[in-house]
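Quick notes on the structure that follows.
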């Protein structure tokens, strides 16, 4: 019985899920955006999307991962601002290749 429990425990621990990696990248992307928005307080992320790019400007990197975050905040004049941030990761998801903001309005 003891060996059966150990075998079950080993099988449970050995299962590798990719959801943890996806969650880790999501946190890294949000932290990258937060770092670039240091002067803005009270912003909120309204949507978050992950996809794999089929083409990229650098021919060495194939199929990088793109995270798109829509967020909004009120500027210093109190006017609501809707922005979009894009964070590009390496295909392995371990490093950020590029992050940028666009003035595209968010789509609902």
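Ranking of 61, 96 by neighbouring Cβ atoms within 10 Å, starting from the fewest: 61, 96.
Estimated from helical segments only, the mean residue ellipticity of the chain at 222 nm is -9500 deg cm²/dmol, where each DSSP H run of four or more residues counts as -39500 (n - 2.57). The mean sequence separation of alpha-carbon pairs under 8 Å and at least six residues apart, normalised by the residue count of the chain, gives a relative contact order of 19 percent. Computed from Cα positions, the angle between helix 2-14 and the longest principal axis of the chain comes to roughly 30 degrees.
Here the spin labels are modelled as points 7 Å beyond Cα on the Cα-Cβ line, and at residue 51 and residue 94 they lie 2.7 nm apart. Sorting the segments 25-35, 64-74, 44-54 by their residues' average number of neighbouring beta-carbon atoms within 10 angstrom, most packed first, yields 64-74, 25-35, 44-54.
Comparing 77, 85, 95 in a Gaussian network model of the chain where C-alpha atoms under 10 Å apart are linked, the largest mean-square fluctuation is found at 77.
Bear in mind these aren't lab numbers, they're just calculated from the coordinates by the rules spelled out. Here the structure is a predicted model, which is why all the values come from computation and not from measurement. Ideal geometry is used to build each Cβ from the backbone, glycine not excepted, and the neighbour counts take in all protein chains shown.
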